[in-house]
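Novice: Structure in structure tokens, see below.
Nothing in this text is a laboratory measurement; each read-out follows from the coordinates by a stated rule. Note that the coordinates shown come from a computational prediction; the quantities given were computed from them, not determined experimentally. Here Cβ is always computed from backbone atoms with ideal geometry, including for glycine, and neighbour counts include all displayed protein chains.
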Amino acid sequence: MAEIRLQQLAHSYSGGADYALRQLDHVWAQGGAFALLGPSGCGKSTLLNIISGLLTPSEGQVLFDGRAVNALTPEQRNIAQVFQFPVVYDTMTVFDNLAFPLRNQGMAAERIERKVREIAEVLELTPLLAKRARNLSADEKQKVSMGRGLVRDDVSAILFDEPLTVIDPHLKWKLRRKLKQIHEQFNITMVYVTHDQLEAATFADKIAVMYGGQIVQFGTPRELFERPAHSFVGYFIGSPGMNLLDVTPWEGGVCLGEHRLPLPPALCARVAEGGWQRLQAGIRPEFVKVYEAPSEHALAAQLLHTEDLGTYKILTLELAGQRLKARLPEQREVPAGPVYLGFPAPWLMLYGDDHLLEAAP
């Protein structure tokens, strides 16, 4: 197990100013279960390959427990990496696949037997140990691929690069939970790359959200949901994502069209600093209040359509020429006439040029 520290790390495949990874500093604490979450092309796999040693960064350093490892090979770093598609030796049995890295280390046969059977039991592979890998299903092969990393005692970390892509949907939940149980049992530093927020939240204690080659927020699933530090995090996390509405400043807060949204004085002071190219108010559909009659501070909106998703309903509305969504419980009736919206102050966020504006401490 190792603490993995990234210092002023950046990478350009062309060697020019077109960076796949823009300069970042980050720490993966020893023994943690982390996810690296973001859309395709944001730099997730590039970052993972730099950590593992498959790729040398253009700038900056990778440190394991304070020791720079830029010049070390993946083997020297003792990194185990599980790829999107399972990597197994088809002509070998499951037992021999799991034993392969241990035999390469010269481990005694008795200890190999014990370690292989321990990991096989955890991954529910024991009935398959004598079976050749070519005869396994895709999810069984991926479990063998995971097992080859877990069986080693010397790994600094295990890196997972979208490992459940080829797995049948009904098995994904089971394998995600299995990985979480394995982490709790063996306390290995794990970094799990995915574009699926549910996979990230199920597996990880903390999630790093990537956008445009940078980590824009690192926090627990709850922190990312309740207080997104970047407008992309608000948009990307949640289903549907956060409503982001263009606003303009006024002395007591911000204006949404002709509607005024009051803000605390300290936040008004941040808005008054000026220089923002774009100001946005953000609120999640779950936190939008829907009323059937006018009330204090409620804003009149037009209901465009309703989606009934079984356990809840999603309303699409128009307010001051902008669209937004609100979420209603299944038992709640959709207003038949005008709709009035409330934005509770604790859940109303303000973003200046995509970054969360907060009152100065």
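Novice: Compare 243, 135, 78 in a GNM of the chain, Cα atoms joined below 10 Å, and give the one with the largest fluctuation.
Specialist: Answer for the Gaussian network model of the chain: 135.
Novice: Roughly speaking, what is the stretch gain from residue 331 to residue 105, that is 0.36 nm per residue apart minus the C-alpha to C-alpha distance, in nm to one decimal?
Specialist: 75.3 nm
Novice: Taking just the C-alpha trace of region 239-356, give me its Rg and Dmax in Å.
Specialist: Taking only Cα atoms of region 239-356, I get Rg and Dmax of 14.6, 45 Å.
Novice: Continuing with the same structure: How are the alpha carbon pair distances in region 92-194 distributed across 10 Å bins from zero to the largest one, expressed in percent?
Specialist: Once binned at 10 Å, the Cα pair distances of region 92-194 give 14, 50, 33, 3.
Novice: Right, something else. For residue 255 and residue 184, compute 0.36 nm times the residue count separating them, minus their Cα-Cα distance, and round to one decimal in nm.
Specialist: 20.7 nm
Novice: To one decimal place, what Kirkwood hydrodynamic radius in Å is obtained for region 1-139 from all pairs of distinct Cα atoms?
Specialist: 17.4
Novice: Could you tell me the calculated FRET efficiency between residue 345 and residue 323, based on Cβ-Cβ distance and R0 = 25 angstrom, to the nearest 0.05?
Specialist: Details: r = 22 Å, r/R0 = 0.90.
Computed FRET efficiency for residue 345 and residue 323 comes out at 0.65.
Novice: Moving to a separate point now. Counting each DSSP H run of 4 or more residues in the chain as -39500 (n - 2.57), what helix-only mean residue ellipticity at 222 nm follows after dividing by all residues, to the nearest 500 deg cm²/dmol?
Specialist: Details: 10 runs with 96 residues, N = 361.
That comes out to -7500 deg cm²/dmol.
Novice: Here's another thing I want to ask about it. To the nearest 20 debye, what charge dipole does region 4-235 have about its Cα centre, counting +1 at the Cβ of each Lys and Arg and -1 at the Cβ of each Asp and Glu?
Specialist: Using only the charged Cβ atoms, the result is roughly 320 debye.
Novice: Which of 131, 206 comes first, and how do the rest follow, when ranked by fewest Cβ neighbours within 10 Å?
Specialist: Ascending Cβ contact count within 10 Å gives the list 131, 206.
Novice: Just in region 315-354: which trypsin sites (Lys or Arg not before Pro) are loop by DSSP and have at most 13 other Cβ atoms within 10 Å? If you can, show how the numbers build up before the last one.
Specialist: Details: sites: 323, 325, 327, 332; in loops: 332.
Within region 315-354, the qualifying trypsin sites (Lys or Arg not before Pro) (loop, at most 13 other Cβ atoms within 10 Å) are 332.
Novice: Arrange 174, 44, 289 by Cβ neighbour counts within 10 Å, fewest through most, would you? List each step's numbers first, then the result.
Specialist: Values: 174 12, 44 24, 289 15.
Least to most surrounded, the residues fall as 174, 289, 44.
Novice: Show me 161-168, 32-39 ranked by packing, highest mean number of other Cβ atoms within 10 Å first.
Specialist: Those peptides, ordered most packed to least, come out 32-39, 161-168.
Novice: Could you tell me how far the Cα centroid of region 227-281 sits from the Cα centroid of region 102-154, in Å?
Specialist: Answer, in whole Å: 52.
Novice: Which one, 299, 129, 309, has the greatest fluctuation when you compute a Gaussian network model over the chain with C-alpha springs under 10 angstrom?
Specialist: 309
Novice: If you take the square roots of the eigenvalues of the alpha-carbon gyration tensor of region 176-326 and sort them as a ≥ b ≥ c, do you get rounded (a/c under 1.5), prolate (a/b over b/c) or oblate?
Specialist: oblate
Novice: Evaluate E = 1/(1 + (r/R0)^6) for residue 220 and residue 174, where r is the Cβ-Cβ distance and R0 equals 22 Å; express this FRET efficiency to the nearest 0.05.
Specialist: Computed FRET efficiency for residue 220 and residue 174: 0.40.
Novice: A further question on this structure: Using DSSP to define loop residues, name the GluC sites (Glu not before Pro) in region 271-361 whose beta-carbon has at most 12 other beta-carbon atoms within 10 Å. Mind showing how you got there, number by number?
Specialist: Details: sites: 273, 286, 292, 296, 307, 318, 330, 333, 358; in loops: 273, 292, 296, 330, 333, 358.
Taking region 271-361 and a limit of 12 other Cβ atoms within 10 Å, the loop GluC sites (Glu not before Pro) found are 273, 296, 330, 333.
Novice: Given R₀ = 30 Å, FRET efficiency for residue 78-residue 353 by Cβ-Cβ distance, to 0.05?
Specialist: 0.10
Novice: Among the aspartates and glutamates, which have Cα under 12 Å from the Cα of residue 143 when same-chain residues fewer than 8 positions away are ignored?
Specialist: 121, 124
Novice: Using 0.36 nm times the number of residues separating residue 18 and residue 305, minus their current alpha carbon distance, what extension gain do you get?
Specialist: Length gained between residue 18 and residue 305: 99.1 nm.
Novice: Of 224, 98, 304, which has the largest mean-square fluctuation in a 10 Å C-alpha GNM of the chain?
Specialist: 304
Novice: In addition: Give the average over all directions of the projected area of the C-alpha convex hull of region 285-326, one decimal, in nm².
Specialist: Values: hull surface 12.9 nm².
Hull-based average projected area comes out at 3.2 nm².
Novice: Relative to the compact-globule scaling 2.2 N^0.38 Å, provide the ratio for the alpha-carbon radius of gyration of the chain.
Specialist: 1.19
Novice: Another one. Which entries in the list 141/206; 174/289; 131/206; 141/325; 141/313; 178/289 go over 32 Å, if you measure between the two C-alpha atoms of each? Don't skip to the answer; put the middle values down first.
Specialist: Working: 141/206 28 Å; 174/289 36 Å; 131/206 37 Å; 141/325 42 Å; 141/313 40 Å; 178/289 38 Å.
From the list (141/206; 174/289; 131/206; 141/325; 141/313; 178/289), the Cα-Cα distance tops 32 Å for 174/289; 131/206; 141/325; 141/313; 178/289.
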